[in-house]
1. With θ set to phi - 60°, apply the Karplus curve 6.51 cos²θ - 1.76 cosθ + 1.60 along segment 67-77 and write out the HN-Hα couplings as whole Hz, x wherever there is a Gly or Pro.
2. Quick one: how many Å² of D132 are accessible to a 1.4 Å probe, rounded to 10?
3. With the cut-off at 27 Å, tell me which of the pairs K25/K181; K126/K278; K16/K101; K155/K278 have Cα atoms farther apart than that.
4. Which of the chymotrypsin sites (Phe, Trp or Tyr not before Pro) found in segment 55-127 are in a DSSP loop and have at most 16 neighbouring Cβ atoms, other than their own, within 10 Å?
5. Taking a ≥ b ≥ c as the square roots of the eigenvalues of the Cα gyration tensor of segment 92-160, is the shape rounded (a/c under 1.5), prolate (a/b larger than b/c) or oblate?
6. Which far-off residues, 5 or more places away or on another chain, put their amide H under 5 Å from the one on Y309, with H placed in the peptide plane?
Amino acid sequence: AGLPVKLSLRNIVFEKGNIIYQDTKIGSKFHLKDFSINIPAVYLEDNATGVDVSLKFADGGDLSVKVDANMATYNFDIYLNLHRFALACIKPYLNDFITYKDFSGYLSANITITGNINSILSSNVKGKVTLDKIDLTEKSGSKLGAENVIVGINKANLTENAYIIDSVIVDGAFAHIDLYKDSKTNFDILLTPMGKSKTSTDSTASDSTITQDEAPADKTANIAATPTEEPKPEPNEGPKAEPATEAASDTTNVAKAAKEKPAKTKKLKAKINKLLVKNTYITATDHTIIRPFNYKVSAITVTGQNINYDTPCNVNVAASFPEGGSLALKYHGALSNLNTMDIYISVKNLVLKHFS
């Protein structure tokens, strides 16, 4: 502010670069093609500064980011547009969370982030996120996924603890539940990290190779190899006052900490204005009996409006059973208080021979 000049940088352009990010520990690789940066001007004053970044992913999808910032107020606006990013790129990272055979799908997002550099967590996020062709193949070959998922975000703010969702639309979801003889389900197997199961197996194998005769021998060898020393009496230096002083100071610190209560987090504000699940089916298979039982519930539809945690809301569910059966469920109540729950269930034309 004290200089009699204005400083700006203009026409900064970087075109058609290639960036390869490889995580050798995990085994992942991201190849960014046609990486470009366009900065019309950078002002080190109260003028607005704009930055445009664009790139393509070698495995599918492209990303463009536009940033508008003010160097005096530190306010910023970020416009992010991600188009059909291939989710198969994240498969190496899934091994730490689940056990699976294959995973595929596409992610698109059109997001606006508004805030201030001095308070990043107070930024407001708004936009739309879309998932297409989500397909998770389990080790057994069975699949979980959805044809299309769209989430419209009205507002997301970490500082205010507020998450207002305009709409959640799930189309063509499919899932299955398998019950095995060891009382486990396919979800128990799926949610076991791939590395964890291998580690436990290796640990068990290594422990089983140690015999009872080896343990005492090793213990004796260790004792023999360690030289023994006679314990030396500690000199008597008389009573000390320092420990008492330290104890007193510790007590004072604990008392101060008790008085200084942490700041209360703001009450959660979560709301879904519109919920729609359609064209969904679930199959269930019981392998615990001699003749496995298999059942399919199809045409599952879920609708709801103004769904939140504290205020009573309405949710309707409809589904079809084999050979013309049907289910209708109406829910009314607040998720935070089960005493407000009111459910109406209607089952019609359920063919009982399937449960023989």
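1. These are the phi-based 3J(HN,Hα) values: 10, 10, 9, 10, 6, 8, 8, 6, 6, 8, 10 Hz.
2. Taking all protein chains as shown, D132 has close to 30 Å².
3. Numbers: K25/K181 37 Å; K126/K278 25 Å; K16/K101 36 Å; K155/K278 25 Å.
Listed pairs above 27 Å: K25/K181; K16/K101.
4. Values: sites: F57, Y74, F76, Y79, F85, Y93, F97, Y100, F103, Y106; in loops: Y74, F97, Y100.
Passing sites in segment 55-127 are Y74, F97.
5. prolate
6. Hits under the 5 Å cutoff: A270.
The values are calculated or read from the model by the stated rules, or taken from the named source; none is laboratory data. If you're wondering where the values come from, they're calculated on a predicted model, not measured in any experiment. Glycine also receives a Cβ, built like all others from the backbone with ideal geometry; neighbour counts cover every protein chain displayed. For the accessible areas, the whole protein counts, side chains as well, though only heavy atoms, and no ligand, DNA or RNA atoms are used. Shrake-Rupley method; radii C 1.70, N 1.55, O 1.52, S 1.80 Å.
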